[in-house]
Amino acid sequence: MMVRRMVGAVFLLCTLATTSCPQKVRIYAIDVDQGDATLVVSPSGKALLIDSGGRGKEAAIRSVLTGAGVTRIDHYVTTHYHADHYGGIIGLADGSLTIDMVHDRGDTAFLPASKRMEVTFRDYQHAVGHRAHHLMRGETIHLDSLVMAVCVASGGAVIGEPDAHSTGADENDMSIGLLIQFSGFRFFVGGDIERETEHDISEGKVVTDVDLYQANHHGSESSSSFSLLSDMKPSVVLVSNGDNGTYRHPRQVTLDTLAMLDPPPVVLQTNKLFKGAPGGNVADRFIADLETIDDDGTILVEASLPTRSMTVSYRDTSFSIPWKDGTAPVVSSGTVGILISRLLPDPPGIDRDLEEVTISNEGSGTVDLTPWYLIDEQERVWTLAALGVIAPGEQKTVVRAGMAMSLDNDGDTIRLIDGANQEQDRFTYGPAGEGEVKER
């Protein structure tokens, strides 16, 4: 079990045996018109489907699954309870396709009665929702030893903040946000997250320097705020949209905001919008389906570890863009020596709020801990974004503040993971009493 989880060891084995290790993640922004459905296929062939479009879109999704060689969905995530994000799973769950783990944002009891009584929602509950795992901030989905999806937001709560918004206040802002990591490659997809949750993500600096971003809320003007975009600085942006006269996605103001980034990203749409202002379009050469009359607007992004680049394909178009530099921790100069030096598993008071981990820099270089995180044996995460930069000889302490990862009072092994998803340290400790500090 421990060997399987050692990302560095697996990375080395794959490097030495490139012919037997695929070393590629495939991401499909599936054309489901007005809606979202995103398929992630790991190097080992494990499949994560995030949302499933509206009802009746299962045929489009099945076509992509078949083309991708996917015969089972290992993990399915419904980001939130709007039918253009979960309707398709009803048809997929007809018994002809194995769907293993199901995740959603939970809290169905807090939904308004009108939503709980909707036919599509009731059918979703009957098909897969009744067995869904409530995916919470700080939890992870591991497709294999090289690919993980960290839940950075769920139900209005963002990893690292002590309190959530009022549950159910805005269904869009309740969306699950996932940061998918593959070595140094980073991809963020957040359903219909809007400005309030985007603000909290940006404040916590928990999603920074991504290679690929699926535009929140189909490119709506209520999402993709400049503060979040400035943190992410995406190289490529995918907009999942249709020619819908009610929503008119993407909005031109959002396209204008994306163009303001330095450098501006390559922005792609699954479909062209014909319904006009306030909607807009990128240039035709960046739109997968120019007619918007069928389901041939799927966009494929292949992230390759050997070349450290992503190849984007749609229609008869294909181009490659290098990954950002995520191969090593950000160091001013000198050597890296970041360690877990001290734990407080059972503080006087509420564990979920007050547990502590102290990080030490015993190297000779200054390191930015913003993309680093801790992970326990249950594969739950604490972000270290709040610690920022740590200088040589410095110690900094991070408080749990509601994050999913816990310091088990009976003992655990806590691992320290850097911004390239590589293990830098691990700390194993035994049973702890109240107020007892575990030191290295």
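A few notes on this one:
- Label-point separation in nm, Met117 to Asp94, each point 7 Å along Cα→Cβ: 3.0
- Likely footprinting exposure, Arg285, Arg426, fewest C-beta neighbours within 10 Å first: Arg285, Arg426
- Each of Thr358, Thr78 was scored by other Cβ atoms within 10 Å of its Cβ. Arranged with the fewest first, they read Thr358, Thr78.
- Ascending count of other beta-carbon atoms within 10 Å, so fewest first, for Ser223, Ser235: Ser235, Ser223
- A crude spin-label estimate for the pair Glu423 and His133, with each label 7 Å from Cα along the Cβ direction, gives 2.0 nm.
- Added length on full extension, which subtracts the Cα-Cα distance from 0.36 nm per residue, Asp410 to Arg72: 118.0 nm
- Taking Asp256, Asp368, Asp74 as the candidate residues, the one with maximal mean-square fluctuation in a Gaussian network model of the chain, Cα springs under 10 Å, is Asp256.
- Between the C-alpha center of the stretch 368-397 and that of the stretch 181-244 there is a gap of 22 Å.
- Tilt relative to the chain, helix 83-92 - C-alpha long axis, 0 to 90 degrees, to 10: 80
- Mean ellipticity per residue at 222 nm, deg cm²/dmol - from DSSP H runs of n ≥ 4 across the chain, formula -39500 (n - 2.57): -4500 deg cm²/dmol
- Cα long-axis angle, helix 58-67 against the chain (0 to 90 degrees, to the nearest 10): 60
- Gain on full extension, evaluated as 0.36 nm per residue between Met260 and Thr307 minus their Cα-Cα distance, stands at 14.0 nm.
- Cut-off under 5 Å, modelled amide H: who pairs with His103 long-range: Tyr76, Val77, Thr78, His133
Bear in mind that the values in this text are calculations on the coordinates, not laboratory data. Just so it is clear, the model here is predicted, and its values are computed rather than measured. When we count neighbours, we look across all protein chains shown, and the Cβ atoms used for this are built from the backbone with ideal geometry, even at glycine.
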